[in-house]
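The values are calculated or read from the model by the stated rules, or taken from the named source; none is laboratory data. This is a predicted model, so every value here is computed, not measured. Note: ideal-geometry Cβ built from the backbone for every residue, glycine included; neighbour counts use all protein chains shown. Side chains are part of the model used for accessible areas, which takes the heavy atoms of the whole protein and leaves out ligands, DNA and RNA. Shrake-Rupley method; radii C 1.70, N 1.55, O 1.52, S 1.80 Å.
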Amino acid sequence: QVQLVESGGGLVEAGGSLRVSCEASGHNVNDYALGWFRQAPGKEREFVAAIPWGGGSAHYADSVKGRFTISRDGARVSLQMDSLKVEDTAVYYCAAEFRGSYFQVPQRMDYWGQGTQVTVSS
């Protein structure tokens, strides 16, 4: 069992920056890839960024490449969001996938955090 607790988020004007973080705890956390999805009202949950299990290059959705940066330090994964756009407004969810390498399919995630709201105003 793995628990994921997000922090950060909030309200920012377009062009601004925010940082969200997620602390994982529980059994064999190092066996899990960690990353982020988001869900805007009326839309499906979509992949944002992840660091695959075992290391390697981070993966990003095309919509956030060059603006968002994901990092992991042990059981903590953070998402630095710069040059935010109104369309980045969503609930951001931390997720964990056991030994995940692709990490872009919500249905494959093993654990989810409770989500944190990010709102970007125009």
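Summary of computed values
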read-out	value
Counted charge near Gly74, where neighbours are those whose Cβ lies closer than 15 Å (Asp, Glu -1; Lys, Arg +1)	-1
Accessible carbon and sulfur surface of the chain relative to its total accessible area, %, 1.4 Å	46
Residues of the stretch 12-55 with amide N under 18 Å of a point placed 7 Å along Cα→Cβ from Thr119	12-20, 39-43
Table column - 3J(HN,Hα) (Hz), the stretch 71-85, Karplus curve with 6.51, -1.76, 1.60, x for Gly and Pro	9, 9, 10, x, 8, 10, 10, 10, 10, 8, 10, 10, 6, 5, 10
Isotropic mean projected area of the C-alpha convex hull, the stretch 46-109 (nm²)	4.4
Three principal axis lengths of the chain [C-alpha, angstrom, descending]	42, 26, 25
Spin-label model distance (nm) - Gln107 vs Ala14, 7 Å beyond Cα toward Cβ	3.5
Considering only the chain, percent of DSSP beta bridges that pair antiparallel, nearest 5	90
Surrounding net charge for Tyr32, when Lys and Arg each add one and Asp and Glu each subtract one, Cβ distance under 9 Å	-2
Taking N as its residue count, the alpha carbon Rg of the stretch 1-69 over 2.2 N^0.38 Å	1.23
Largest to smallest accessible area among Arg76, Arg45, Arg38, Arg108 [probe 1.4 Å]	Arg108, Arg76, Arg45, Arg38
Test item: Cα-centred dipole of the chain, Lys/Arg +1 and Asp/Glu -1 on Cβ, debye	100
Accessible surface ranking that places the most exposed of Arg67, Arg99, Arg72 first, with a 1.4 angstrom probe	Arg99, Arg72, Arg67
